[in-house]
Amino acid sequence: MDFIIDRVENTGIYDSEIFELLSEVFVTGGFTSLETAKSIFEPSKVKSRGVLFVSKEINTNEMAGMVIVVPWTSSFSVKAKENECEMHLLGVSKKFRGHGLGRRLVEEALNFSKGSDLKKMILWTQKPMREAQNLYESHGFTQCGEMARNGIDFLVYERECT
């Protein structure tokens, strides 16, 4: 399988696919409820967080994955301080897992952050998301704490972007 990754700036593009992908990854995956998803995965809210990168499978043109780089200036930023950013909502459709796409999306987010002179990237992941934690650790992220949001426990990771 071959994938392309695009930075999405047009507010009307991918709306239904964004909700479908995030629902598959987080609701079907058992990490959030459908009620919560309807609010937090609403496409205009997702896109307003920061810089959205979407991956599509070249032959089928299906959305395969996504990630958002959230700058410290965004109202959606939770942990980032000045000149830092956060990685939000990394997700790869189950159909396209096992092809290195999650790795490529993390690299895209890190490269964008470096090119934007952001000094550190912070992310958090639910404790049961062991595969995601392994992916982040393989990219040099280290666990730096824990936090709870909306009754869910998260591990917090960080990495220098330079």
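Annotations
- Any pair with Cβ under 6 angstrom, 6 or more apart, that starts in segment 81-99 at a residue that is without any contact (Cβ under 8 Å) to a residue 40 or more places away in the chain and within 20 Å of residue 61 (Cβ to Cβ) and ends at one that is assigned to a helix (DSSP H, G or I) and of a type in the set (Gly, Ala, Ser): none
- Elements of the type strands (runs of 3 or more DSSP E) sitting completely within segment 101-162 and holding at least 2 residues that are farther than 25 Å from residue 21 by Cβ and either of a type in the set (A, V, I, L, M, F, W, C) or touching a residue at least 12 places away in the same chain (Cβ under 8 Å) (or both): these cover 142-149, 152-160.
- Pairing each residue of segment 32-46 that is over 17 Å from residue 15 (Cα atoms) with any residue that is exposed (fewer than 12 other Cβ atoms within 10 Å of the Cβ), provided the two are 6+ apart or on different chains, yields C-beta distances under 9 Å for 32/150; 36/150.
- Those residues of segment 47-65 which are of a type in the set (Val, Ile, Thr) and in contact with a strand residue (DSSP E or B) (Cβ under 7 Å, 6 or more places away or on another chain), in sequence order: 51, 54, 58
- Meets criteria (out of contact with any Leu (no Cβ under 9 Å at 6 or more places or on another chain), among the acidic types (Asp, Glu) and farther than 19 Å from residue 138 by Cβ) for residue 84: no
- Condition met for residue 73 (in a loop (DSSP other than H, G, I, E, B), out of contact with any strand residue (DSSP E or B) (no Cβ under 8 Å at 6 or more places or on another chain), under 21 Å from residue 23 (Cβ atoms) and of a type in the set (Val, Ile, Thr)): no
- Qualifying residue in segment 32-39 (condition: hydrophobic (A, V, I, L, M, F, W, C), surrounded by 14 or more Cβ atoms within 10 Å (Cβ to Cβ) and out of contact with any Phe, Trp or Tyr (no Cβ under 6 Å at 6 or more places or on another chain)): yes
- Once segment 100-153 is narrowed to residues that are at pLDDT 95 or above and of a type in the set (Asp, Glu), the residue that is farthest from residue 68 (Cα to Cα) is 146.
Per-residue answers, yes or no, for (1) out of contact with any Phe, Trp or Tyr (no Cβ under 7 Å at 6 or more places or on another chain); (2) among the aliphatic types (A, V, I, L, M):
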site	(1), (2)
62	yes, no
69	no, yes
76	yes, no
90	yes, yes
98	yes, no
147	no, yes
157	no, no
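The values are calculated or read from the model by the stated rules, or taken from the named source; none is laboratory data. None of these values were measured; they are calculated from a predicted model. Neighbour counts run over all protein chains shown; Cβ positions are idealised from the backbone, glycine included.
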